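Here the structure is laid out as C-alpha cells; the discussion comes afterwards.
Any read-out appearing in this document is the output of simple, stated calculations on the displayed coordinates, not a laboratory observation. For clarity, every value in this text was computed on a predicted model and none was experimentally measured. Glycine also receives a Cβ, built like all others from the backbone with ideal geometry; neighbour counts cover every protein chain displayed.
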Amino acid sequence: MKLIYEKSSPGRRASTLPSYDVPDVEVPHELAREEPPRLPEISEPELVRHFTELSTRTFGVDTGFYPLGSCTMKHNPRVNERVVNLPGFRDLHPLQEAEGSQGALELMWRLQNDLAEVAGLPAVSLQPAAGSQGELTGLMLMRAYFADRGEQRHKVIVADTAHGTNPASVTMAGFELQKVETDERGNIDVAHLREMVDNDTAGLMLTNPSTLGLFDEHIEEIAAIFHEAGGLLYYDGANLNAVCGISRPGDMGFDIVHFNLHKTFSQPHGGGGPGGGPIAVRDRLEPFLPVPAIVRDGDDFHLDYDRPKSIGKVRGYCGPFGVFVRSYAYIRSYGPGLREMSEAAVLNANYLLARLKEAYDLPFDRLCMHEFVLSARTLKKEHGITALDVAKRLMDYGFHPPTIYFPLIVPEALMIEPTETEAKETLDAFADAMIEIAREAAGSPDLIKDAPHERPVRRVDEVKAAKRAVVKYGFEDHPNLSAEHAEPRELEAQKGA
Amino acid sequence: MAAAESYPDDLRYHSEHDWARIEGDEAVLGVTWFAQDALGELVHYEPPEDGSDVSRGASYGEVESVKAVSDVIAPLSGTIVAVNTKVVDEPETVNTDPYGEGWLVRIKLSTPSEVDELMDADAYRKFVAEQ
Amino acid sequence: MLAAVGVSSIEELFRDIPEGVRFRGDLQIEPALSEQELVKHLEELAAKNAHTGAELSFLGAGIYDHYVPAVVDAVLQRGELLTAYTPYQPEMSQGVLQAIFEYQTAICELTGMEVSNASGYDGATVAADACYVAKHVTGRSKVVLAEALGPQVRQVVKTYAPGFGLEVVEVPHRAGATDPDELGEAARDAACVIFQQPNFFGVLEPAPDLAAAANEVGALPIAHVDPLSLGVLEAPGAYGAALAIGEGQAAGNYQAYGGPHYGFIASRADYVRRMPGRIVGETTDVDGKRAFVLTLQTREQHIRREKATSNITTNQTLLALAGLVYLSWLGPQGLREVGETCMGIAAYAKERLGLPLLFPDQTTFKEFAVRVGRPAEEVIRDARGKGVHPGYSLKRDFAGMEDALLVSVTEKRTPADIDRLAEVLAP
C-alpha cells in the first residue's frame, strides 16, 4: 500500500479555513520559512480511505483475541469514549480557573480516592503519564524522602523477572541497580535478597504477581527485610488486574504503587498509547508528591501548589485527564464489585493454563494469577519450532500472539494473559489452535516456519530495518528497499511492556 | 554467509568470548565465533576512541544485533592504536570473518604478562563445549 | 471451568496469597452504575466546567483552542486503531506502523530534522528527554533554559535533572526575548540550551542567533516550537538546531484539560541512537514487499535495560495519529494559512484592545501580553462574569507582572469575538 505522501498531488487539499478581514502581518525575513514542509496534499475522500485502509491492516482488541501478556488487553467499553468526548471535558482548558473547572477537579479527586482504596494507601498523584513515568516518579520520591531524612542511599534492587522499565527507571532516577534472582518456585530468592539489603539500599521494585504470573508467597517476609533496613518498597502495578479487591499492595507492605490505567482500568491502547501512571503512597511520602495536589475544601475543589517538599512536576498540568475520565467511568461501572473483575481474569487464565499445560512446557507448575508463562523449549529441541514460530502461526488462526521471549529467565517464553472480558468459547478456540500448532510442529513444521500466510506482509527483515534505518519518507530520494532482496533470517522479536 | 564454527590455534581466548592475536608488543582483538553466533547478525559496532585506554576484563565497546546488545570485553590491557572502520561500516563482517576482517581493535599492550592468563584454543574449545 | 482447573471454588484460585495480606473487606467505592446512570453522572460533572464552547476564551499559554476537523474524530473512532497496542508483531500491525512512519515523516518535514521518534508524553517531558540526549552526546552536565520557555516545561526539566545528574541554569528574558550573547555565555560548559519559538510570551525569538550562540560553544541548541507556527516560521533544522521538540496538542488534539496529548522530539541523524522511545523503520518482508517494523530497539529499555536511552514504552500513538490526520487535512498551504490567520487576528486584537503592550518592541505570533492596569486576576474574574475568559495571568509564573495578561487567539476567534473582548476589557 502507498504512503500518504505517495498519494499527494500538488495543490490538492482537504481543509477549508475561515478568512477574516484583518490586516496581513509580515514575519521578519530572517525568521520566515523558506521551504514549505512537504505535508500530504490530498482530498478528504482519499484521506479517509487512506486511514481506513491502514485500520484494516491493524489488529486490535475490537478485531479479536489479544492475549498479549503483561499488557492487559481487555475490552474497552464504548461508553467511556462517549463520556470523554463530552464538551465539558474535551474542550476544557487546563489553565481554566478552579471556579471554572470544578467538574474536572471533582472527577480527579474521586478517582484519587478510588485508587487509594484499591492500593490500600492513602495519598495519590494522578500526574504521571504512563507506568514507566509512574516508576520514575516513585523513585524520585524515594530520593526526596531519604534526602529529607539526611540519609544517603544509592541502591535499588530489582527482580530478574522485571520489565525493562524498572532498571531503566532506576538509572534515570540516579540510583544504582542491583538484581535479585528468582527461586525454583518462581518467587524472589529471599536468601539472596537478605544478603543484598543493607543501609545503602533505598528500596526494592517488585511486580506482584510477577511477570511469571505468580504471586510471591514470601511477600510479608520480603517487606519485613526492607522495613527493618529502613528501605522502601515499590509496587509495579503492571499486574494489578489480578488482585483488585483481593490483596492490596499497601497491605502487602508496599510504600509506593503505580497503576497502569491503560491496563487495569481499560484505556484503549491506541496503537501504543496514551496511558496513565498514577501513584499511591504512604503518609510519610505524601509531602513529596508532585504539584499540584487536588484538594477538597468543603464543597469546593482546588489545586494546591504550596507544597514545599514536593519533587515538582513530572508532566504538564494535572496529567492525562482524558485517561482519568475513562478509568473513573470504568471503576464506577463496577463499584465495590471490582474484585469480580480480578476473579474472572484469574479464572480465565487458570482455565487456559489447564488446557495448555500438556502441549507446552510449564516452567513453574502452580496456579497462576491473571497470566501465565509457557515455554516452547521442547518444540524447539524436537522440531526446531520456536516461540516466534508459534506466535506467527497463531496469526493464521486469527489470534494476536502472546508476548514472547519475556520474561528473560524463561527460554522460548510465551506469556499469555486472556483478561476477564473473554468468553469461554474464545478461550477454547485459542487453546485448540495452540494445541493444533504443537501437533503441526511434528507433522508439518514448514507450515509454521512460513507463517503467517494470510497477513498483509509475511515475516519482515528486521536486520535490514536496523542497518538502513530508513525512518522517514525521502520523497524523490527515497530508497527502493525491495530492490535489495531480503534473506530469510531467523529472528526473535523482542518485546517489552 | 556466516562463517563455520572455528577457534584458531594461533589465538588466545578470554572467558567472555573474546580473542587476542599477539603481535610483538601489540595485540589485535575481536569476538569469537561463539559470541557472534549467540548474538546473530550484527547491525552496529560502537568502537572506542583511538588512543583511549582499555583494561583487562572491562568493556571497551559495544556490538548490537536487532535483538541484543553486548559489551565487548578486553582480554588484555593497553591503549587503542587502531579501530577497524570496516566493521563500523559493515558490522556483519564480524559474522562472516570473525578472526580476519572482522577484528575490532588493535592495542599496544601495557601489561604483556596478562597474556599468560588467557586460554589457548584447546582450553577455550573445552570451555565453549560446556556452555 | 473450575473443574478443569482442578479447584472447587474461586477462592481456591487465590490460595498462593498469604492470609496476612488478603483483603477481606469491601472496597469503599461508590455503588455500581448502569451505563445510562454513568453517562448522567459524568454529564453532571462535565456541566460544572466552563469549556471553550460555552465561554469565549482567550486562554493559551501552551494549550490552544484550534479547530479539530471531523476527519480526526472519524479516524480515531476506527476500533482497530483505537484498541491495538504497541506493534510488537509487525504482520499484525502494518497499519499502525505505517501511520507512525508517516507521522515521523511529517514531524521531520515540519521541523527540518532527519529523525523523529513515534512521540513522547507531552511538550514538557520531551524537553527532559532532550536533555538526557544532550548529556550523553556532549558528556556535559549543565542545562541552560531560556526563562521565556514555558513554565510547565521548565518545571518538568528541573524535576528530572537531579536523577540525570544535571544542573539547571536559567537565562532571564530581556524585554520579552532572549539575548543571544547572554545565552551563549551561559552555554559555555553546557550540554544544551532550550529556547522556545515563539516563546511563552508569544514573542518571536532571534532563534537563528540563539542556535548559533549555543553551537559556537559546543552546547546543543534545542528549539521548542509550536507546530502550527511552522508554515510561516523557519524550521529549526534550517537554523542549526540540534533537536526540535514541542507540544503537539495544537495540531489535531482537543484541549482535554491538559491531556492526553503528544510531545514530539526530532533530531539530526547523528543522534538517532540516543533518541528515546519507539522508532518505526521501513524494510521488506521475505518476498521483498515493503513493510514497516519497530527498529533500533537496542536503544530501548526492554533490551538495554539499565543502560537504555529512556524508560519509555507507552508513547502517545493515538494522539500522534490525530496529529498526522490533522496535518494531512491541512496540507502545506493550509498550515501556512492557519499561521497567517492567527497572526492577522492577533494583530487586529492588539490594535482593537488598545491596551499597553508588556513588550511593545517585539513581534509576536498568536499570543501577546498586555497591561490591564490592575491585578490580572480581578480582570479575569470580572470578565468571566460576562462569559469571556480574557487570558492567562502572568503573575502565576513571573514576579513583577501582577497586571499582565497573556492573550491568546487561534483561527477560531473571529473579529467579532475580539470586539467582544475589547468591550469586556474596556476600562
Report summary line: Quick calc, A:Glu358 & A:Leu447: beta-carbon distance into FRET formula, R0 22 Å, rounding 0.05, result 0.55
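Determine the relative contact order of chain A: mean sequence separation of Cα pairs under 8 Å and six or more apart, normalised by residue count, in whole percent.
On the way: 851 pairs, mean separation 90.1, N = 497.
It rounds to 18 percent for chain A.
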Query - Ellipticity estimate at 222 nm from DSSP helix runs (n ≥ 4, -39,500 (n - 2.57)) divided over chain B, nearest 500 - result: -4500 deg cm²/dmol
Report task. Give me the distance between the Cα centres of the stretch B:38-103 and the stretch C:220-264, rounded to whole Å. Result -> 38
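Treating only the Cβ of Lys, Arg, Asp and Glu as charged (+1, +1, -1, -1), what charge dipole size does the stretch A:137-263 show about its Cα centre? Round to the nearest 20 debye. Write out the running numbers ahead of the final one.
Details: 9 positive and 19 negative charges, 109 e Å.
Taking the Cα centre of the stretch A:137-263 as origin, the dipole is about 520 debye.
How much of the calculated P(r) for the stretch C:34-78 lies past 12 Å, in percent of all Cα pairs?
On the way: 737 of 990 pairs.
That tail contains 74 percent of the Cα-Cα pairs.
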Report task. Using just the helices of chain C, give the 222 nm mean residue ellipticity in deg cm²/dmol: DSSP H runs with n ≥ 4 each add -39,500 (n - 2.57), and the total is spread over all residues, rounded to 500. Result -> -11000 deg cm²/dmol
Report summary line: Projected onto the charge dipole of the stretch C:333-427 (unit charges on the beta-carbon of Lys, Arg, Asp and Glu, signs +1, +1, -1, -1), the Cα from C:Thr410, C:Gly385, C:Val372 with the largest positive-side position is that of C:Gly385
Query raised in the report: Assuming R0 = 30 Å, what is the FRET efficiency of C:Asp419 and A:Asp299, from their Cβ-Cβ distance, to the nearest 0.05?
Result: 0.20
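Taking every DSSP beta bridge with both residues inside the stretch A:234-370, roughly what % is antiparallel (nearest 5)?
Values: 8 of 12 bridges.
Taking every DSSP beta bridge within the stretch A:234-370, about 65 percent pair in antiparallel fashion.
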Query raised in the report: Which FRET efficiency value, to the nearest 0.05, is calculated for A:Glu26 and A:Thr56 with the Förster distance at 51 angstrom and r the Cβ-Cβ distance?
Result: 0.65
Report task. Can you bin the stretch B:12-125 into rounded, prolate or oblate? Criterion: square roots of the alpha carbon gyration tensor eigenvalues sorted a ≥ b ≥ c, rounded for a/c under 1.5, prolate for a/b above b/c, oblate for the rest. Result -> oblate
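Report the far tail of the P(r) of chain C, meaning the percent of Cα-Cα pairs longer than 27 Å. Each step should come with its number before you reach the end.
On the way: 52204 of 90951 pairs.
When every Cα pair of chain C is considered, 57 percent fall beyond 27 Å.
Give me the mean projected area, in nm² to one decimal, of the convex hull enclosing the Cα positions of the stretch A:80-337. Don't skip to the end; give the middle numbers.
Values: hull surface 54.6 nm².
Averaging across all directions leaves 13.7 nm² for the Cα convex hull.
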Requested in this report: Please give, to one decimal in nm, the separation of the simple spin-label points placed at C:Asp361 and C:Arg381, each 7 Å out from Cα toward the Cβ.
Outcome: 3.6
Query raised in the report: With each label point set 7 Å from Cα along the Cα-Cβ vector, what nm distance links C:Val217 and A:Glu176?
Result: 3.4
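Only Cα pairs under 8 Å and at least 6 apart count here; give the relative contact order of the stretch A:286-351 as a rounded whole percent. Intermediate results must be reported in sequence, preceding the final value.
Details: 41 pairs, mean separation 16.2, N = 66.
Relative CO of the stretch A:286-351 lands at 25 percent.
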Report task. At 7 Å along the Cα-to-beta-carbon direction for both C:Gln77 and C:Met1, put a label point, then send me their distance in nm to one decimal. Result -> 3.2
Report task. Take the Cα of C:Ser9, step 7 Å along the line toward its Cβ, and report every residue of the stretch C:18-56 whose backbone nitrogen sits under 19 Å from that point. Result -> C:18-27
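Tell me, what is the percent relative contact order of the stretch A:338-482, built from C-alpha pairs under 8 Å that lie six or more residues apart? Walk me through the intermediate numbers first.
On the way: 191 pairs, mean separation 36.4, N = 145.
This gives 25 percent for the stretch A:338-482.
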Requested in this report: Report, in deg cm²/dmol and to the nearest 500, the calculated mean residue ellipticity at 222 nm for chain A, where each DSSP H run with n ≥ 4 adds -39500 (n - 2.57) and the sum is divided by the residue count.
Outcome: -10500 deg cm²/dmol
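I need the GluC sites (Glu not before Pro) found in the stretch A:24-67, filtered to DSSP loop residues with at most 13 other beta carbons within 10 Å of theirs.
Sites meeting the loop and neighbour criteria: A:Glu26, A:Glu34.
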Report summary line: Of all DSSP beta bridges having both residues in the stretch A:123-224, the percent classed as antiparallel (nearest 5) is 10
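I want to verify the translational diffusion coefficient of the stretch A:4-56 in µm²/s; compute it with Stokes-Einstein, Rh as the Kirkwood radius over Cα pairs, at 10 °C and 1.306 mPa s. Display every interim value, and only then the final one.
On the way: Rh = 13.9 Å.
So the translational diffusion coefficient is about 114 µm²/s.
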Requested in this report: Would you mind working out the magnitude of the charge dipole of chain A relative to its Cα centre, with +1 at each Lys and Arg C-beta and -1 at each Asp and Glu C-beta, to the nearest 20 Debye?
Outcome: 620
Report summary line: Over 19 Å (Cα to Cα) among C:Lys135/C:Lys158; A:Lys7/A:Lys472; A:Lys179/C:Lys158; A:Lys357/A:Lys381 -> A:Lys179/C:Lys158
Report summary line: Checked against the positive end of the charge dipole of the protein assembly as shown (+1 on Cβ of Lys and Arg, -1 on Cβ of Asp and Glu, about the Cα centre), the farthest of A:His302, C:His261, A:Gly150 is A:His302
Query raised in the report: Say a paramagnetic label sat at a point 7 Å from the Cα of A:Asn480, along Cα to Cβ; which residues of the stretch C:273-311 have their backbone N under 15 Å from it?
Result: C:288-290
Report summary line: For the stretch A:218-311, whose charge dipole is built from +1 on Lys and Arg Cβ atoms and -1 on Asp and Glu Cβ atoms, the candidate among A:Leu289, A:Pro278, A:Gln267 with its Cα farthest towards the positive end is A:Gln267
Query raised in the report: Antiparallel as a % of all DSSP beta bridges within the stretch C:71-324, to the nearest 5?
Result: 45
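B:Ala82 to B:Glu46: extension gain in nm, 0.36 nm per residue of separation minus the Cα-Cα distance? Walk me through the numbers on the way to the answer.
Working: separation 36, 0.36 × 36 = 12.96 nm, distance 1.38 nm.
Value of the extension gain: 11.6 nm.
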Query raised in the report: For the modelled label position 7 Å from the Cα of A:Arg284 along Cα-to-Cβ, which residues of the stretch A:186-203 have backbone nitrogen atoms closer than 17 Å?
Result: A:198-203
Query - Neighbour cut-off at most 16 other Cβ (10 Å), DSSP loop, trypsin sites (Lys or Arg not before Pro), the stretch A:347-414 - result: A:Lys357
Query - Within the protein assembly as shown: Cβ-based charge dipole about Cα centre, in debye rounded to nearest 20 (Lys, Arg +1; Asp, Glu -1) - result: 1780
Query raised in the report: In whole Å, how far is the Cα centre of the stretch A:284-349 from that of the stretch C:136-181?
Result: 30
